[in-house]
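Let me begin by presenting the structure, written as structure tokens, before commenting on it.
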């Protein structure tokens, strides 16, 4: 074993009577342990929240969305769209027609968005997981049903159990003119609510219905607002997106999930790194306590330093002793903290130890998602900070080395 590392190990794991140096070294280890564990736990918790939020958004944000660049609607029953629909890689091809409408229930009005969807929309098996009341049913025995967002339900007091009361949907007529009775300028259709879903505020003001219902309401027999496409698992989305853009030209916008919710993904990414940086500063404070610990160790080991120099030890060897001492303190704390954080994340994932205080779409405990990259990132962060702190401490250890030798 390297002489410097051996002596550093002896200093750290000395069996002699416990003194202030041992206690300070132990406190330094605990500080690094807590900081490392906190980084792993909070990053894993943030990953879990990020996955939960993204999964909620993905119920209504397809892998590829095609929209007209100019205007609100377009006719999808043309050449390339039919080819795309029959692509063997496509899992679901959904025609969507949406518009702002006035919704009434028991004479209570609210402005919301109605979204008519094709039958492929219900291929998403995760839709049932966001239902908080009723069921996700859009059509049954030729009768149309509506599934409404939690905001619509709470504002209007909708009861999905009362099948005798309907939602009234008002949409302005395309050929509306100023008449004596304003109600004559609206197309009004009724529909029975079958379920209530809760996801995020961006979608909780939706009323989802079969597309045929919205076609009749808006008098749009062919056009759609968008084409939503999801692909079979394992499909590489980006090359397909680029090909679709090339085929459709500049009359359409083609977006993947990240582009559809650019602000969401940017915010999640920024928050992830901001949290990491804040915790890293806390970790820096904990690790730089090692400087104080090693400084006191140098004072305590003045006699040992003098003896070693008398035996021929040079400044480099003395410096390495205290460098290895600082690295050992940091690495013991780091590895122990990472392991402790990993165990806590496993327990949280299995037993839900820390509750959220409320049940959001079936999630009552803070979700966690363990990523190997987080462990590597934390270890490298501690390694860099520990190396810097240990180097500073080791440099201080050889200052005044000749004076120590003369005094002793």
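The values are calculated or read from the model by the stated rules, or taken from the named source; none is laboratory data. Because the structure is a prediction, the values reported are computed rather than measured. Methodologically, a virtual Cβ is constructed for each residue, glycine included, from the backbone with ideal geometry; neighbour enumeration extends over all protein chains shown.
Brief remarks follow.
- Contact annotation: no residue pair with Cβ atoms under 6 Å, 6 or more positions apart or on different chains, pairs a residue in the range 159-176 that is in the same structural domain as residue 101 (by TED's automatic domain parsing) with a partner that is at pLDDT below 90 and assigned to a loop (DSSP other than H, G, I, E, B).
- Only one of 240, 229 that is surrounded by 15 or more Cβ atoms within 10 Å (Cβ to Cβ), at pLDDT 80 or above and outside any helix (DSSP H, G or I): 229
- Residue within the range 44-51 that is in the same structural domain as residue 366 (by TED's automatic domain parsing), in contact with a helix residue (DSSP H, G or I) (Cβ under 7 Å, 6 or more places away or on another chain), over 22 Å from residue 234 (Cα atoms) and buried (at least 16 other Cβ atoms within 10 Å of the Cβ) present: yes
- The helices (runs of 4 or more DSSP H) found entirely in the range 257-361 that carry 2 or more residues being surrounded by 17 or more Cβ atoms within 10 Å (Cβ to Cβ) and more than 20 Å from the chain's Cα centre (by Cα) are 262-287, 289-300, 302-310, 315-351.
- Some residue of the range 54-76 being assigned by TED's automatic domain parsing to the domain that holds residue 229, over 25 Å from the mean Cα position of the chain (by Cα), free of Cβ contacts under 8 Å to residues at least 24 places away in the same chain and over 26 Å from residue 147 (Cβ atoms): yes
- Per the conditions (1) within 26 Å of residue 115 (Cβ to Cβ); (2) assigned to a helix (DSSP H, G or I); (3) modelled with pLDDT under 95, the sole criterion not satisfied by residue 222 is (2).
- Matching strands (runs of 3 or more DSSP E) fully within the range 81-146 where at least 1 residues are at pLDDT 95 or above and under 27 Å from the mean Cα position of the chain (by Cα): 90-105, 108-117
Per-residue answers, yes or no, for (1) out of contact with any strand residue (DSSP E or B) (no Cβ under 7 Å at 6 or more places or on another chain); (2) assigned by TED's automatic domain parsing to the domain that holds residue 216; (3) surrounded by 20 or more Cβ atoms within 10 Å (Cβ to Cβ):
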| site | (1), (2), (3) |
| --- | --- |
| 78 | yes, yes, no |
| 87 | yes, yes, no |
| 96 | no, yes, yes |
| 106 | yes, yes, no |
| 132 | no, yes, no |
| 138 | no, yes, yes |
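- Qualifying residue in the range 167-189 (condition: over 14 Å from residue 100 (Cα atoms), surrounded by fewer than 16 Cβ atoms within 10 Å (Cβ to Cβ), modelled with pLDDT of 95 or more and out of contact with any helix residue (DSSP H, G or I) (no Cβ under 6 Å at 6 or more places or on another chain)): no
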